[in-house]
1. What is the gain in length, in nm to one decimal, between T199 and E146 on full extension, counting 0.36 nm per residue of separation less the C-alpha to C-alpha distance?
2. Please report, as a whole percent, how much of the solvent-accessible surface of the chain comes from carbon and sulfur atoms (probe radius 1.4 Å).
3. Provide the percentage of antiparallel DSSP beta bridges, counting only those with both residues in segment 1-115; round to the nearest 5.
4. Per-residue counts of other Cβ atoms within 10 Å, averaged by peptide: what ranking do you get for 151-157, 28-34, highest first?
5. Compute the angle between helix 103-119 and the longest alpha-carbon principal axis of the chain, please, reported from 0 to 90 degrees and rounded to the nearest 10.
6. Counting only helical runs of four or more DSSP H residues, what would the 222 nm mean residue ellipticity of the chain come to if each run contributes -39,500 (n - 2.57) and the total is spread over all its residues?
7. Please determine, in degrees from 0 to 90 and to the nearest 10, the orientation of helix 2-16 with respect to the longest principal axis defined by the Cα atoms of the chain, where the helix direction is its Cα long axis.
8. Can you tell me the order of 121-127, 41-47 when each peptide is scored by its average per-residue count of other Cβ atoms within 10 angstrom, highest first?
Amino acid sequence: NADFSRRLADKIFNFCQGADAVIDLHTFQDNSPIVAIFVNSGSKAIKKRCLKLINAFDPQAIWKINFKSREEAKFSGALGSVLAVRGTANFAVEMPEVFLISDEQLDRVKNGILDVLKFLDMIKGKRAIKKHSAPIFQRIKVRTDEAGLFIPAKDILKKIKKNEVVGKLVSLPEFRIKNVVSPCSGTLLIIKQRDLVATSDVLFSIGRPEL
């Protein structure tokens, strides 16, 4: 029901607006590292504050929303972007699918949230020492143009070169095997597990550093 969804979104926004910080927890449908989403919205001061919160959280990678991208322009109306425009610093955390997330990843998210609370002086304690900041990427989604069985061949966070094979697609019912290659160089952020896919499904995402 669209009306219910709008009313629910309004309630969530009003609840979050004016908070010291907002952390929006999500799960991808596929395998991924712990990724923080930099909403890239609001004033320069808010953007700087968002990045400080993300650095305190210490994700494995940072996905910077690119509003010039057709895929990501829709996020301008998402909770995080609207909150930032209204002056509330925030970021989202993307985790692997609930059936794929590991105990180590859950601990990383828990400790990251605790470090954000320490950064905000909401709880006492020493924050973990960060050896380096997580890389900031823009995300390139790679979709399939035909249905079949996708078989991944690479692990997340691996460096990928342009035209490198990332997996195989077995067409059904013909059982033709086709290599699935990356359209660009970058870091493998997300990849689908071995599964049946439909036309236009996202198979994997490549993270490209900012130019």
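The values are calculated or read from the model by the stated rules, or taken from the named source; none is laboratory data. Since the model is a prediction, treat every value here as computed from it, not as a measurement. Note that each Cβ is placed from the backbone with ideal geometry, even for glycine, and that neighbours are counted across all protein chains shown. Each accessible area value is taken on the protein alone, full model and side chains, heavy atoms only, with ligands, DNA and RNA left out. Shrake-Rupley method; radii C 1.70, N 1.55, O 1.52, S 1.80 Å.
1. Length gained between T199 and E146: 18.6 nm.
2. 54
3. On the way: 3 of 13 bridges.
Looking only at bridges with both residues in segment 1-115, the antiparallel portion is about 25 percent.
4. Numbers: 151-157: 15.1, 28-34: 19.9.
Going by the mean number of other Cβ atoms within 10 Å, highest first, we get 28-34, 151-157.
5. 30
6. The per-residue figure over the chain is -8000 deg cm²/dmol.
7. Result, in degrees: 50.
8. So the peptides 121-127, 41-47, ranked by packing, come out 41-47, 121-127.
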